[in-house]
Amino acid sequence: MTPARPGRAGNPWILFVIFFVVIGCTLAARHCYPDPRIVQQSQHQYWRRVPVKSTRGIIQDVKGNALVISETLPSFAIDPSMIKSKDLEEIAQVVSPDTMVKITSAMGTKTRFLWINHKLQEREAAKFLALMQKVRAVLKVDEPYRKYTNQNLMSHVLGFCDNENRGQAGIEQAWDNTLYNPPGQKIVVRRQNSQAASLMEREPERRAVTPIVTLTLDSRIQYVVEKHLFRTAEHERAKWAVAICMNPMTGEILAMASYPTYDPSNRKSLTMEALSNGAVSRTYEPGSTFKPVYMAVALERGWVKKDEMFFCPAKLKVADGFIRESDARVALGNVNTAQLLIKSSNVGMAQIGIRADKLKTYESLQALGFGKETDVELPGVSRGILPYPENWRGITPANIAIGQGLAVTPIQLVTAMAAVVNGGKLMSPYIVKEAVNSLGELVYRGEPKVMREVMTPDTAQWIRQAMRRVILEGTGKRAATTITNVAGKTGTAQVAGKGGYLPGKYVASFIGFWPYEDPKYLMLIAIGEPSNGRYYGGELAAPVFKSIVEEMAELEYYS
């Protein structure tokens with residue numbers, strides 16, 4: 001007898017098939033024909049994943065005063081796909097015409113997120129907050145904002161950031177990897193009341209601490225330097241001006257100013273001319289402020305003796321040209337080696353340049369840091385111009401001895417002069433005291449660093465004595481002050497152009513140190529191309545130096 005086969009109704013898989021068919025039909029119905037209540041709710045609430053710029057670290061001065069901090073300001077975006085025709089008129093009343101074009105162009109596309117304004121102050125933000133109440137496609141996102149606590153003070157040193165929170169100049173750029181944290185993402189829900197709420201944040205790396213970069217600069221000294229330098233530059237209608245104040249014993253930079261300046265918070269002030277940090281990028285012929293450095297080289301090499309006599313006419317024929325004194329009508333006559341600096345004799349220094357060995361002079365000047373980038377923790381550092389010795393033809397060796405025929409940066413000249421002041425040690429200048437990253441790790445510490453011995457203490461002492469006499473007897477009398485004993489050297493240099501020197505264009509400068517007996521400060525003042533009648537270093541730059549020294553003394557008294 002053949003066994004009976006089970007019927008279709010007895011197959012258990014039929015139940016599973018029926019179950020999944022019912023579920024599938026239900027899901028299709030819900031998606032294709034949603035409940036009206038769900039549709040209404042979705043019109044009042046949606047979510048978006050938006051980029052979030054991270055908070056940068058703090059930059060502070062040597063006293064711990066915050067110079068740059070991060071705050072949050074409201075930014076606004078819009079979802080073009082949710083804009084209705086009636087919204088366009090409301091939006092146009094708030095956004096700029098260019099932004100309106102972008103919005104209308106994005107409508108009807110797959111674009112779901114479009115920035116319409118960034119980092120607004122309270123008054124401007126109020127307009128967009130009011131717009132959010134009328135147009136639900138508008139979304140508010142808080143973004144970090146770099147606040148420069150003293151406006152344009154120290155602007156060239158601090159630098160600024162772009163809209164993506166990346167450093168674009170100064171310390172902000174040089175230490176971007178320490179101060180910057182990669183952006184994360186935020187999921188934002190827009191509710192019926194037009195308020196935005198963050199559901200979650202996703203950051204590539206959580207900060208343990210706020211990064212801090214501490215500078216060697218003192219805000220009080222910086223303020224004094226900028227005040228007097230900028231005031232003079234504006235009064236004399238100068239094209240540019242620079243000041244650097246350094247501790248010559250350590251290489252610490254205490255103040256660094258460059259004119260014209262700008263406000264890092266105001267993008268309209270960021271012109272190409274103002275952005276350049278002249279203290280490290282400006283190249284110019286130093287003129288007579290270079291003479292003490294060259295004299296040190298000549299003494300070390302044995303090309304001149306400390307008690308030698310020179311006959312100095314008003315002008316001297318050298319190869320294919322003439323070397324003239326600053327006043328071509330006055331001959332100094334017989335003067336000794338020290339008086340070449342005290343009276344700033346071009347003719348006497350030229351005689352030393354003629355007898356000097358070209359290759360050895362070049363090597364000595366290179367050892368002092370000329371012709372190569374100075375090792376300071378800032379971007380945009382220039383090499384200057386130190387011609388190769390094979391190009392020192394005709395009058396060139398004599399020109400270099402008086403600070404012409406080569407171009408230096410202010411930081412190069414200050415660094416080389418520091419070796420004279422501290423007894424012969426070429427110090428590496430530094431502007432960052434220490435840097436701590438987001439993990440709390442000390443990633444850098446600035447410390448005094450001797451690069452090399454460039455002259456003997458005896459030579460340095462002799463030059464310092466001559467520079468003191470420049471103040472007492474020579475061209476630097478206007479830098480003298482009763483508060484402390486200063487020493488220094490004036491400089492008046494012509495401005496080189498295509499085919500020769502530009503008529504009526506000069507750089508007035510003064511470099512000096514104090515107290516003379518135990519130097520703690522070294523400062524260079526350079527005022528480029530003044531156009532108000534005065535241009536000699538002794539009459540224009542020396543008084544600025546004096547004013548700064550006297551006000552800095554008041555700071556020390558009250559600190």
Can you pull out the residues in the stretch 113-133 that are surrounded by fewer than 15 Cβ atoms within 10 Å (Cβ to Cβ) and farther than 26 Å from residue 265 by Cβ?
133
So which residues in the stretch 140-174 are aliphatic (A, V, I, L, M) and at pLDDT 90 or above?
153, 154, 157, 158, 169, 171, 174
Please determine, by comparing only the residues of the stretch 211-226 that are open to solvent by 10 Å² or more (accessible area, probe 1.4 Å) and out of contact with any strand residue (DSSP E or B) (no Cβ under 6 Å at 6 or more places or on another chain), which one is nearest to residue 68 (Cα to Cα).
219
Residue list for the stretch 378-396, restricted to those being under 19 Å from residue 291 (Cβ atoms) and either in a loop (DSSP other than H, G, I, E, B) or under 25 Å from the mean Cα position of the chain (by Cα) (or both):
384, 385, 386, 387, 392, 395
Every residue in the stretch 149-175 that is open to solvent by 50 Å² or more (accessible area, probe 1.4 Å) and β-branched (Val, Ile, Thr), please.
149
What are the residues in the stretch 352-377 that are in a helix (DSSP H, G or I) and either in contact with a helix residue (DSSP H, G or I) (Cβ under 8 Å, 6 or more places away or on another chain) or within 20 Å of residue 492 (Cβ to Cβ) (or both), if any?
352, 353, 354, 358, 359, 360, 361, 362, 364, 365
When you look at residue 409, is it in contact (Cβ under 8 Å) with a residue 24 or more places away in the chain, over 24 Å from residue 305 (Cβ atoms) and of a type in the set (S, T, N, Q), yes or no?
yes
Kindly indicate the residue of the stretch 429-439 that is open to solvent by less than 10 Å² (accessible area, probe 1.4 Å) and either touching a Lys or Arg at 6+ places or on another chain (Cβ under 6 Å) or of a type in the set (A, V, I, L, M) (or both) and also farthest from residue 248 (Cα to Cα) among those meeting that condition.
435
Which residues, taken from the stretch 323-341, are touching a residue at least 24 places away in the same chain (Cβ under 8 Å), within 20 Å of residue 404 (Cβ to Cβ) and outside any loop (DSSP other than H, G, I, E, B)?
323, 340, 341
Scan 446, 474, 497 and give me the residue that is touching a residue at least 12 places away in the same chain (Cβ under 8 Å) and within 30 Å of residue 379 (Cα to Cα).
446
Residue hits (the stretch 227-246; among the acidic types (Asp, Glu) and buried (at least 23 other Cβ atoms within 10 Å of the Cβ)) are none
Here is a check on your reading of the model: is residue 182 of a type outside the set (Val, Ile, Thr), touching a Ser or Thr at 6+ places or on another chain (Cβ under 9 Å), at pLDDT 60 or above and crowded, with 17+ Cβ neighbours inside 10 Å?
no
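Yes or no, residue by residue, for (1) outside any strand (DSSP E or B); (2) among the hydrophobic types (A, V, I, L, M, F, W, C); (3) open to solvent by less than 60 Å² (accessible area, probe 1.4 Å):
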position: 512; (1), (2), (3): no, no, yes
position: 523; (1), (2), (3): no, yes, yes
position: 527; (1), (2), (3): no, yes, yes
position: 545; (1), (2), (3): yes, yes, yes
position: 548; (1), (2), (3): yes, yes, yes
position: 551; (1), (2), (3): yes, no, yes
Of everything in the stretch 134-148 that's over 22 Å from residue 220 (Cα atoms) and in contact with a Ser or Thr (Cβ under 7 Å, 6 or more places away or on another chain), which residue is surrounded by the fewest Cβ atoms within 10 Å (Cβ to Cβ)?
142
Does the stretch 87-95 contain at least one residue that is in contact with a Pro (Cβ under 7 Å, 6 or more places away or on another chain), touching a residue at least 40 places away in the same chain (Cβ under 8 Å) and at negative phi?
no
Of all residues in the stretch 493-510, which are small (Gly, Ala, Ser) and buried (at least 21 other Cβ atoms within 10 Å of the Cβ)?
493, 508, 509
Collect the residues in the stretch 383-395 that are touching a Lys or Arg at 6+ places or on another chain (Cβ under 9 Å) and either of a type in the set (A, V, I, L, M, F, W, C) or open to solvent by 30 Å² or more (accessible area, probe 1.4 Å) (or both), keeping them in residue-number order.
383, 386, 390, 392
How many of the residues making up the stretch 308-350 are modelled with pLDDT of 95 or more, in contact with a Phe, Trp or Tyr (Cβ under 6 Å, 6 or more places away or on another chain) and open to solvent by 30 Å² or more (accessible area, probe 1.4 Å)?
1
Filtering the stretch 443-492 for residues that are open to solvent by less than 80 Å² (accessible area, probe 1.4 Å), of a type outside the set (S, T, N, Q), outside any helix (DSSP H, G or I) and within 21 Å of residue 296 (Cα to Cα) leaves a count of 11
Boolean, residue 51 is at pLDDT below 90, out of contact with any Leu (no Cβ under 6 Å at 6 or more places or on another chain), in a loop (DSSP other than H, G, I, E, B) and not charged (D, E, K, R)
no
Touching a residue at least 40 places away in the same chain (Cβ under 8 Å), open to solvent by 10 Å² or more (accessible area, probe 1.4 Å) and among the basic types (Lys, Arg): does that describe residue 305?
no
Those residues of the stretch 163-182 which are closer than 23 Å to residue 272 by Cβ and polar (S, T, N, Q) amount to 163, 165, 168, 173
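The values are calculated or read from the model by the stated rules, or taken from the named source; none is laboratory data. Keep in mind it's a predicted model, so treat the numbers as computed, not measured. All Cβ positions, even for glycine, are placed from backbone atoms using ideal geometry, and neighbour counts span all protein chains on display. The area values use the complete protein model at the heavy-atom level, side chains included, leaving out ligands, DNA and RNA. Shrake-Rupley method; radii C 1.70, N 1.55, O 1.52, S 1.80 Å.
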